[in-house]
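Everything below concerns the one structure shown next.
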Amino acid sequence: MRHKVAGWKLGRNTSHRRALLRNLVTSVIMEERIETTLTKAKALRPHVEKMITLGKRGDVAARRLALSYLMTRESVDKLFDTLAPRFGDRQGGYLRIIQGGWRKGDGGDIAFVELLGSEKVIEAKRKKSADARSKRADATRKAMEENQAQAEAEAKETEAAEKKEDKKEKKSKK
């Protein structure tokens, strides 16, 4: 029995669990909203909060500590340049964990992990993807119309060529 044992093992050995949490923290910082299981989300929270606290410190030592934990340099830059100023006056509680139902395959609890204040960023991403989707749909529709017009023109040309051949045949038979 694991009475009063802190933390989550997540069904992994130590190195695998550490790599998983590092990847999840990097993803939360880069994407500002991720979907994962509820247990992983709860295990993830203290690590993200520690990284944001390092970002708020802002000195070189904090940047090196964050760089040793996070997986990419871009995530460290985003942490120190955009996220730390956003949470400058806040004393913790930088994450929101929203339960989102159950996964279809195995019934695992799904949770959305997002940074507070990320609604604007997520909305901008949605708008950008919707614009890209509409541009793609317009381009596809335009290409289909051009292909249809070209097919109609080719059909008219072949029809006209057949009529000419029919006229020639009729004249040659006379």
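The values are calculated or read from the model by the stated rules, or taken from the named source; none is laboratory data. Keep in mind that what you see is a predicted model, and the values were worked out from it rather than measured. Neighbour counts run over all protein chains shown; Cβ positions are idealised from the backbone, glycine included. These accessible areas exclude ligands, DNA and RNA; they are computed on the full protein's heavy atoms, side chains included. Shrake-Rupley method; radii C 1.70, N 1.55, O 1.52, S 1.80 Å.
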Within the stretch 1-20, which residues are surrounded by 13 or more Cβ atoms within 10 Å (Cβ to Cβ), hydrophobic (A, V, I, L, M, F, W, C) and over 20 Å from Glu74 (Cα atoms)? Trp8, Leu10
Within the stretch 81-96, can one find any residue that is surrounded by fewer than 19 Cβ atoms within 10 Å (Cβ to Cβ), under 17 Å from the mean Cα position of the chain (by Cα) and in a helix (DSSP H, G or I)? no
Residues that are at pLDDT 95 or above, over 21 Å from the mean Cα position of the chain (by Cα), farther than 21 Å from Ile97 by Cβ and not charged (D, E, K, R), drawn from the stretch 55-79: Val60, Ala61, Ala62, Leu65, Ala66, Leu67, Ser68
Looking at Met71 and the list (1) assigned to a helix (DSSP H, G or I); (2) open to solvent by 70 Å² or more (accessible area, probe 1.4 Å); (3) in contact with a Lys or Arg (Cβ under 8 Å, 6 or more places away or on another chain); (4) of a type outside the set (Asp, Glu), which single condition is not satisfied? (1)
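Conditions (1) among the aliphatic types (A, V, I, L, M); (2) within 27 Å of Ile110 (Cα to Cα); (3) in contact with a strand residue (DSSP E or B) (Cβ under 8 Å, 6 or more places away or on another chain), marked per residue:
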| site | (1), (2), (3) |
| --- | --- |
| Ala6 | yes, yes, no |
| Leu20 | yes, yes, no |
| Asn23 | no, yes, no |
| Thr26 | no, yes, no |
| Ile34 | yes, yes, yes |
| Ala41 | yes, yes, yes |
| Val48 | yes, yes, yes |
| Thr53 | no, yes, no |
Failed item in (1) under 23 Å from the mean Cα position of the chain (by Cα); (2) among the charged types (D, E, K, R); (3) not in a strand (DSSP E or B), with Glu145 passing the rest: (1)
Can you name every residue in the stretch 110-128 that is closer than 21 Å to Gly88 by Cα and not in a helix (DSSP H, G or I)? Val113, Glu114, Leu115, Leu116, Gly117, Ser118
From the list Lys120, Lys125, which residue is surrounded by 12 or more Cβ atoms within 10 Å (Cβ to Cβ) and over 24 Å from Lys42 (Cβ atoms)? Lys125
Filtered residues of the stretch 21-62 (kept if open to solvent by 20 Å² or more (accessible area, probe 1.4 Å) and assigned to a loop (DSSP other than H, G, I, E, B)): Gly58, Asp59
